[in-house]
Every structure is written in structure tokens, then in C-alpha cells.
Amino acid sequence: MVNRLLSEGKILNYALSLENSKLWVVFVAQSEAELMEMVHRLPLTRYMKVRVNELTYNSVNAFVPAFSVN
């Protein structure tokens, strides 16, 4: 699901805190309802508290997955 949203341009970027307790995701959506529909389809949503903040500016134009040796 996440890879599909990334390839469709619905997720622009994400970041995970060092202790793995917080995740920030930049979505592209036309409405909060569309956003929440995408969020609720994610596999771990039932274990998360979701907070929505609308951005006025985002400096990342495209997500390119980084190569990892793990």
C-alpha cells in the first residue's frame, strides 16, 4: 500500500523518529476526507494516533527511495 501511494505521488515523503515512536508523512490530497481514506487503508493505522496539519509549503518535489543495505 505505501509503495503504491509513493508511486502514485500520493505520499511525497516520510520520516521516522530515532526511537521509532513517531512517523511524519507528507500526503497529497484534495480534502481531509480523501486523506483519511488513504490513512485508514495503511496496515498499521489501528495502532496509531493520527493528527492532521495542512501544509502551506513543502520543499520536496518528488520522493526517491534511498538505497539501503539492510
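The values are calculated or read from the model by the stated rules, or taken from the named source; none is laboratory data. Owing to the predicted nature of the structure, the values given are computational and were not obtained by experimental measurement. Because the Cβ atoms are built from the backbone with ideal geometry, glycine has one as well, and the counts that use them run over all protein chains shown.
Of all the residues in region 12-43, those that are farther than 17 Å from Tyr57 by Cβ, at pLDDT 95 or above and surrounded by 14 or more Cβ atoms within 10 Å (Cβ to Cβ) number 4. Within region 4-21, residues that are part of a loop (DSSP other than H, G, I, E, B) reach partners that are modelled with pLDDT under 90 with beta carbons closer than 9 Å, at six or more positions or on different chains, in the pairs Gly9/Ala62; Gly9/Phe63. Being in a helix (DSSP H, G or I) and not basic (Lys, Arg) is the filter here, so list the residues in region 25-45 that pass it. Within region 25-45, Glu32, Ala33, Glu34, Leu35, Met36, Glu37, Met38, Val39, His40, Thr45 qualify.
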